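Report on the structure given below.
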Amino acid sequence: MSRDLLGLSGRIVMVTGAGRGYGRSIAKAYGRNGATVIAVDPDVELATAVASEVETLGTTAIPIRGDMSVALDVAGTFEKVEELFGMLDGIVHVTAAESKTPFLELQESEWYELLNADVKSSLYMLQHGLKYLAGGGFVVMVLPPAERMEPHVASIRGAVRGLIDGATAVFPDTVRVNAVLPNRDPAGDEHDQALVRAVLGLGSMVSEGVRGEVVPVKLSEPPQPPELFDLLSDLP
């Protein structure tokens, strides 16, 4: 996608969970399209690494250590943004919870971890983000993958979608909140480009006026590594 088409050059975009998975791919894509990227991750080393990758693309990137499920971290992250840039043009919030635990085996501690990682972080991000997008901008949420159908994960996904609906109802018309729903977990830059393009599109001028939408994104399955038996059968 060209910078002229998307209108992202010179924009200031914060990407949460930028150190790995979808967040890393999205941060690099915004940098590749000329945006200044604020790479936020609970692991400062990962945030720094992705910011360095973005800068090699010829744009500015700032790493910030921040856990979006911790209120003080969220406040500190946005205070740092205000100190450096004043306002934001957009936020991409990547939900972080991963659970493959069968529903009947779910423990209370893991349930609260899921609530913190996705619902609390989304709530805090929207609360603070509105203050920094008051002049107009976008929020794009990356929801937990659709392939996770256990009731506890489905309920987390539903709660975040409810926040998107509520934010769309109360936010000014100049601020648009949308989401993408991938069908699977991240598999790397090469295999996740359909989702990255969807996030870029929702953050670009192409999607002005689009609000409160959850866009399903069908990603192809990455090739599986060969089984040990196959590798052994190739030996002379």
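The values are calculated or read from the model by the stated rules, or taken from the named source; none is laboratory data. Fair warning: this is a prediction, and the values are worked out from it, not measured in the lab. Because the Cβ atoms are built from the backbone with ideal geometry, glycine has one as well, and the counts that use them run over all protein chains shown. Please note that ligands, DNA and RNA were not included when accessible areas were found on the heavy atoms of the full protein model with its side chains. Shrake-Rupley method; radii C 1.70, N 1.55, O 1.52, S 1.80 Å.
Take every Cα pair under 8 Å in region 1-113 that's 6+ residues apart, average their separations, divide by the length, and report that relative contact order as a whole percent.
Reported relative contact order: 26 percent.
Give the Kirkwood hydrodynamic radius (Å, one decimal) of region 1-109, defined as one over the mean of 1/r across all pairs of different Cα atoms.
When all Cα pairs of region 1-109 are included, the Kirkwood radius is 14.4 Å.
What's the FRET efficiency of Met87 with Gln224 using the Cβ-Cβ distance as r and R₀ = 35 Å, to the nearest 0.05?
For R0 = 35 Å, the calculated efficiency reads 0.20.
For Cα pairs less than 8 Å apart in space and 6+ apart in sequence, what is the mean separation divided by the residue count of the chain, i.e. the relative contact order in percent?
18
Counting only protein heavy atoms, what percent of the accessible surface of the chain is carbon or sulfur at a 1.4 Å probe?
About 55 percent, which is the carbon plus sulfur part of the accessible surface.
Please give the charge dipole size of region 5-125, origin at the Cα centre, charges +1 on K and R Cβ atoms and -1 on D and E Cβ atoms. Round to the nearest 20 debye.
540
At 1.4 Å probe radius, can you tell me the per residue accessible area of region 87-236 in Å²?
It amounts to 51 Å² per residue over region 87-236.
With the dipole of the chain worked out from charges on the C-beta (+1 for Lys and Arg, -1 for Asp and Glu) around the Cα centre, which of Val140, Met68, Tyr112 lies farthest toward the positive end?
Val140
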